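All remarks here apply to the structure that follows.
The values are calculated or read from the model by the stated rules, or taken from the named source; none is laboratory data. Because the structure is predicted, anything quoted here is derived from the model rather than measured. FYI the Cβ positions are ideal-geometry reconstructions off the backbone, even for glycines, and counts take in every protein chain you see. Side chains included, ligands, DNA and RNA excluded: accessible areas come from the protein's heavy atoms. Shrake-Rupley method; radii C 1.70, N 1.55, O 1.52, S 1.80 Å.
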Amino acid sequence: MINVTPQLIEKYHLGQCTAAEREAVERWLADEDMEVFELPQLRRDGDELTRLWTDMESRLPVEGGQAAGNLSHPAKRRWLPAVLLSGAAAVVAIILFLWPVGNDEAVPEAVPLSVLDVPPGRKAQLTLNDGTLVHLNGGSRLEYPEVFGEGTRLVKLVGEGFFAVAHDANRPFVVDAGNTTTEVLGTAFNLTAYPDESHTLLVEVGKVRFEVKGSDKTRIVNAGQGARWAKSGALVPIAEIPRDRFAWKEGKLVFNNHRLAEIAVRLQRWYGVSVTIERPDLKTMTFTGSFARAPLKTVMDDLAFVMQFHYRLSEKEVVIF
């Protein structure tokens, strides 16, 4: 018989258990008579301990919409996520129910969240509960509530999204992009916030507040203008939105004096391929042009003709030389 120890609990939390160890831990989680303990290294960090219990209990088998087993022991943190996966875009709906420790009469409060992941080579469109329309580019992730509450309408973005925000003067719409936040009441704007790039805000309609977290850097950006947050910390205004910058929503790939190194990154997200440039001198060459729902070979043929390079194209890889 496998004994459940703090070390085994930590292995379970890290996803390193064998099948037998995992079964033993899940029996322990489900049985209120089993010994309860805290991990020594987490005794002084309540938030981290809560996250550990949340992670472990979320892995319990789900039966009839509820987690199997008895979770009533007061020392076992009472978080119960039920995970539902649906659709090719891997929409993950996470419903969290919290019972405050030490208050058995408290009524559980449901906090529905959803996550939409869009892989490279794909695009997605969805309408949020408040009527806001969102377009997501390839390689993007949006976390949003199934139903907005009475306060701020908060969503989290990694990647690129175009938001046509439903107007609501009493509930500001905020996009948390990690290092920056974008706040509006009702407008249309494009936000690019990939982890390896500067964050760029372009406003099509209305007025937007663009702010760098943890600093006093903030700008009010009007329609037809933009702002860029560089990793150096600067918040740079963009006086005029580049030509056809929102065209990606309609399947148009537009380059406006872009360097080949930048084009390669766009192609990777657009077509879901890897792009390698073997000649360093090619990386700084620039190209201007647009393609409407064109196959990758058509784009590469045009780039090769203009920039005078050769390339090899396979199913998931492009090599430029």
Selection count, region 236-256, where residues are open to solvent by 80 Å² or more (accessible area, probe 1.4 Å) and either touching a Pro at 6+ places or on another chain (Cβ under 8 Å) or basic (Lys, Arg) (or both)
2
Of the numbered conditions (1) within 13 Å of the chain's Cα centre (by Cα); (2) not in a strand (DSSP E or B), Glu197 fails exactly one; give the number of that condition.
(1)
Can you tell me which residues in region 155-210 are of a type in the set (Val, Ile, Thr) and either under 22 Å from Asn129 (Cβ atoms) or open to solvent by 50 Å² or more (accessible area, probe 1.4 Å) (or both)?
Val155, Val158, Val165, Val174, Val175, Thr181, Thr182, Val184, Thr187, Val205, Val208
Say whether the condition of being closer than 21 Å to Pro195 by Cα and in a helix (DSSP H, G or I) is met by at least one residue in region 270-290.
yes
Say we look at region 291-305 and pick out the residues that are open to solvent by 80 Å² or more (accessible area, probe 1.4 Å) and assigned to a helix (DSSP H, G or I); which of these is farthest from Lys123 (Cα to Cα)?
Phe305
By residue number, the members of region 171-191 that are within 18 Å of Lys217 (Cα to Cα) and not charged (D, E, K, R) are Val174, Val175, Ala177, Gly178, Asn179, Thr180, Thr181, Thr182, Val184, Leu191
Might you check whether a residue that is touching a residue at least 60 places away in the same chain (Cβ under 8 Å) and within 20 Å of Gly159 (Cα to Cα) occurs anywhere in region 272-283?
yes
Please go through (1) modelled with pLDDT under 95; (2) on the phi < 0 side of the Ramachandran plot for Val299 and return the number of the only condition it doesn't satisfy.
(1)
In region 178-194, how many residues are closer than 18 Å to Phe246 by Cα and either modelled with pLDDT of 95 or more or within 21 Å of the chain's Cα centre (by Cα) (or both)?
8
Any pair with Cβ under 8 angstrom, 6 or more apart, that starts in region 225-239 at a residue that is polar (S, T, N, Q) and ends at one that is open to solvent by 60 Å² or more (accessible area, probe 1.4 Å):
Gln225/Pro237; Gln225/Ala239; Gln225/Glu240
